[in-house]
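All remarks here apply to the structure that follows.
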């Protein structure tokens, strides 16, 4: 085991500027500096040189605001919170920058920055220096405890602890690096050791190293019979301990120090100092669940690893992570608890997202944590998971859709509502818009309109399923007509399809000209069969890019279809004379037109299905059911014809109830009905 003095020195920050802070309570300035982003404070006064700057690493360069120059010699280290000019040698932190550029006092600068980060400036406290002195004393007591626990790990009483650490793969060098120690299973071991060095009772108790006896006796040690992990803050001070119980029957497997003037577990991260240095060297910032995961990751070369301290990640810890790296990677244990923790973190993070500031999630194999994976498969397997870490929007989508079936409009609407509520939590309008686009794309992939047989049911449903329409063909060809109906125009479906085609064109062109109505008619668009490939592609573009704005939509149409395709659709006379297309952008007129045309398409499909079923039934015995269905179809056609309004050439009757039928088709339907009645009257049914 290496002695402490022989360990390689860890990266250290330059000393903080010294101010007279007698009126501020201890820890306030440290938290203020941690919360404030120096690049944001400085960015109000300079123009960054994008060629030299690396925003992801917090390494920013600009012309110096303190002297006249054209080159970018002013450097901001956002992670460490310091600036330095290589020209005029100006240096300092956020507070000194505001003091110099705004020409204000120290306290005024503090108030300006505190206002920006949402921290209330505490009232003046004349006892602040005394409190600061006490914190210094507590930190010294904690260092003495670190050394005592380390010595105990070498004793005979720690044999089982050493065996456990060896079994977990921790070498003596690793144990020395992490300053791992052992708390013997005695009631006053640490207490007596500290008292022998003259440490006051109140300091031992205030450091959380001992607890007062409820029976009036001598205080007893907080940690007993545990492997000890020192917890250090961003400045490297020992502020707390985490203890792993050796007794498998112990109710608390891991125990952290109680909260003290030094330690707030919701504002602390295990290994934060070393991880910040590693992230500054370009390593990923990885968030694991516990001490052993961090130690295992570090040993495998992933030195930018941290862990919360026995609780779910808090908002303060999340802000700490983002000050270290713009996209921390959250490693999720492959169990239900790990998944739930990640999903809670998403809800916490959504309102706090900023441009370039998010989270990614690496999901471990089921039943494994990072330590398990590294021991089983090595660093390469973990690196692959990190490389494929999911962006937060994908995990949000997975949470809302995994294991669910969306086979009804109500379920789809519930999904939409849930996702809208989550996206509304995002305060940044740009990020909110991009999340909406990504969710739209994922929703499109899930509910993408499937290719449908335009007028006949798929093979495998009710029907003969033989011959040309039998199995082996995905959809089946139209049934061959009976001898008695070969002369009927009903077998020539192309004429009827013309009407459907024109209605689709009206709907699509109208929505291109008025894209704000696309969301209103999204369900109807999804249900459009669109036998014409150009119509199908345009429908898909409207569904996918309609909400992204008119410019984006038109660019996608131009790229995917070419504007000549759209102009050809508009050029069809039945389309061109439609009022909302003659007056593009009229929202109310577009709404009424599209609603009417969609309703007519639906009604037309209903009639076609009735006719198709009747044709299928003619291949077997005709009965009253066949006659009834055709009678109903004929009655619907009569209603359409009576309420029709001919266009200029009288080619189509357009009924208010949504039917489209040319005169030949009407005659064919009457002829078919008559044929069936004739067949039945001859006793051939």
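The values are calculated or read from the model by the stated rules, or taken from the named source; none is laboratory data. Values in this document were obtained by computation on a predicted structure and should not be read as measured data. Here Cβ is always computed from backbone atoms with ideal geometry, including for glycine, and neighbour counts include all displayed protein chains.
Brief remarks follow.
- Residues of the stretch 371-418 satisfying the condition of being outside any helix (DSSP H, G or I) and in contact with a helix residue (DSSP H, G or I) (Cβ under 6 Å, 6 or more places away or on another chain): 406
- Given (1) assigned to a loop (DSSP other than H, G, I, E, B); (2) at negative phi, number of the condition residue 323 does not satisfy: (1)
- Selection count, the stretch 327-350, where residues are modelled with pLDDT of 75 or more and part of a helix (DSSP H, G or I): 11
- Test: residue in the stretch 354-370 that is at negative phi, surrounded by 21 or more Cβ atoms within 10 Å (Cβ to Cβ), assigned by TED's automatic domain parsing to the domain that holds residue 320 and in a helix (DSSP H, G or I): yes
- Out of 46, 76, 41, one residue alone is in a loop (DSSP other than H, G, I, E, B) and either within 28 Å of residue 316 (Cβ to Cβ) or not assigned by TED's automatic domain parsing to the domain that holds residue 284 (or both). It is 46.
- Annotation note: of 92, 58, the sole residue that is modelled with pLDDT of 85 or more, on the phi > 0 side of the Ramachandran plot and touching a strand residue (DSSP E or B) at 6+ places or on another chain (Cβ under 8 Å) is 92.
- Here is the figure for the stretch 41-62: residues that are surrounded by fewer than 19 Cβ atoms within 10 Å (Cβ to Cβ) and either closer than 15 Å to residue 102 by Cβ or touching a residue at least 40 places away in the same chain (Cβ under 8 Å) (or both) total 6.
- Some residue of the stretch 181-188 being in a loop (DSSP other than H, G, I, E, B), in contact (Cβ under 8 Å) with a residue 40 or more places away in the chain and on the phi < 0 side of the Ramachandran plot: yes
- Members of the stretch 281-290 that are surrounded by fewer than 19 Cβ atoms within 10 Å (Cβ to Cβ) and in contact (Cβ under 8 Å) with a residue 60 or more places away in the chain: 282
Conditions tested, residue by residue: (1) out of contact with any helix residue (DSSP H, G or I) (no Cβ under 9 Å at 6 or more places or on another chain); (2) assigned by TED's automatic domain parsing to the domain that holds residue 162; (3) under 19 Å from residue 151 (Cα atoms).
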position	(1), (2), (3)
180	no, yes, yes
216	yes, yes, no
221	no, yes, yes
226	no, yes, yes
230	no, yes, yes
235	no, yes, no
246	no, yes, yes
251	yes, yes, no
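- Which numbered condition residue 88 fails, given (1) more than 18 Å from residue 28 (Cα to Cα); (2) surrounded by 19 or more Cβ atoms within 10 Å (Cβ to Cβ): (2)
- Qualifying residue in the stretch 567-587 (condition: within 28 Å of residue 446 (Cβ to Cβ) and either in contact (Cβ under 8 Å) with a residue 24 or more places away in the chain or surrounded by fewer than 16 Cβ atoms within 10 Å (Cβ to Cβ) (or both)): no
- When we screen 389, 342, 413, 379 for residues that are within 27 Å of residue 439 (Cβ to Cβ) and touching a residue at least 60 places away in the same chain (Cβ under 8 Å), the only hit is 389.
- Residues being within 25 Å of the chain's Cα centre (by Cα) and farther than 20 Å from residue 79 by Cβ - total across the stretch 289-306: 3
- The sole residue among 426, 431, 439 that is in contact (Cβ under 8 Å) with a residue 12 or more places away in the chain, crowded, with 16+ Cβ neighbours inside 10 Å, touching a strand residue (DSSP E or B) at 6+ places or on another chain (Cβ under 8 Å) and more than 30 Å from residue 298 (Cα to Cα) is 431.
- So residue 426, is it more than 25 Å from residue 605 (Cβ to Cβ), in contact with a helix residue (DSSP H, G or I) (Cβ under 7 Å, 6 or more places away or on another chain), part of a loop (DSSP other than H, G, I, E, B) and modelled with pLDDT of 50 or more: yes
- Flag not set for residue 266, criterion: modelled with pLDDT under 90 and either surrounded by fewer than 19 Cβ atoms within 10 Å (Cβ to Cβ) or not in a loop (DSSP other than H, G, I, E, B) (or both).
- Among (1) assigned to a loop (DSSP other than H, G, I, E, B); (2) surrounded by 22 or more Cβ atoms within 10 Å (Cβ to Cβ), the one test that residue 228 misses: (1)
- Residue list for the stretch 164-173, filter: out of contact with any strand residue (DSSP E or B) (no Cβ under 9 Å at 6 or more places or on another chain) and buried (at least 18 other Cβ atoms within 10 Å of the Cβ): 170
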